[in-house]
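Below is one structure, written out as C-alpha cells; comments come after it.
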Amino acid sequence: MASSGAGVVCLLLVLCSTVSCLATVFTVGDSSGWTLGVDYTNWTSGKTFMVGDNLVFNYGSGHTVDEVSESDYNTCTLGNPIKTYNSGSTTIALDAVGTQFYICGVIGHCASGMKLTVNVTGGATTAAAPSPGNTTTTSTSAAPPTTDFTPPFGTVSETSSSGTLSHFVAILITLVELFKFVVS
Ligand SMILES: [Cu+2]
C-alpha cells in the first residue's frame, strides 16, 4: 500500500511538470512590473503568447490594469474599459486567440507608456520565430513540435499532427491508465 501511494505521488509530480511545460506565466515588465518608465513594446518583443498562458501584472496602488478596445488603446482613452483591475497583483488568463490591449487607467499614464498589447496565438509550434505584425496567412505547420519532452513511460510516441493540446491529452490518458493500474 505504501508503494501505491508513492506511485500516486509520482504521477502527480509528472502531471504537474507536464502542465507547467505547456503554460507560461509572463510577469509583465519582469522585475519592474507594471509601472511608468518601462517600454512594454520592448518587453513583448521576442515573446510568444499562447492560449493557456497567463499575464501577471504587479503594480502599486497608483496604477490600474484596464483591458480596453484597440481604439481606446491607440488613443489612450480612459473611462471605458472592458475590464479593470486595481488589486496590485492581477493575473489574466489568455484564453482566446487574438490581440489584447491593456492600459493604466490613471490620467496620463497610458500616454506616458503604460500600455501593453499582446498577440495571443493558438497552440501551434513556434520556435522563437519573431512574429511580425500581421499574421494573416495561417500556414498549416507540417513539422512536429520541437519541444523534446520525453514522457518517462515511453507510451506516448511522437504526435504526427502538431499541437501541444493533443500531446497533453495523450499524456493525460496515459497517466489515467497508469493511475488505474497503480490503484488496482
Ligand atoms: Cu499607472
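The values are calculated or read from the model by the stated rules, or taken from the named source; none is laboratory data. Computed from a predicted structure; not experimentally measured. As a convention, Cβ positions derive from the backbone with ideal geometry for all residues, glycine included, and neighbour counts pool all protein chains shown. The accessibility values were calculated without ligands, DNA or RNA, using every heavy atom of the protein model including side chains. Shrake-Rupley method; radii C 1.70, N 1.55, O 1.52, S 1.80 Å.
In the range 25-44, the qualifying residues are those that are under 15 Å from the mean Cα position of the chain (by Cα) and open to solvent by 60 Å² or more (accessible area, probe 1.4 Å), and the one that is farthest from the ligand (Cβ to nearest atom) is VAL25.
Scanning the range 46-76 for residues that are within 13 Å of the ligand (Cβ to nearest atom) and over 15 Å from VAL28 (Cβ atoms) returns SER61, GLY62, CYS76. Return yes when VAL14 is at pLDDT below 95, farther than 27 Å from GLY98 by Cβ, open to solvent by 60 Å² or more (accessible area, probe 1.4 Å) and not small (Gly, Ala, Ser) and no when it is not. Judged against the criteria, VAL14 is not a match.
If you check GLY79, GLY88, which single one turns out to be within 14 Å of the ligand (Cβ to nearest atom), over 13 Å from the mean Cα position of the chain (by Cα) and among the small types (Gly, Ala, Ser)? That would be GLY88, the only listed residue that is within 14 Å of the ligand (Cβ to nearest atom), over 13 Å from the mean Cα position of the chain (by Cα) and among the small types (Gly, Ala, Ser).
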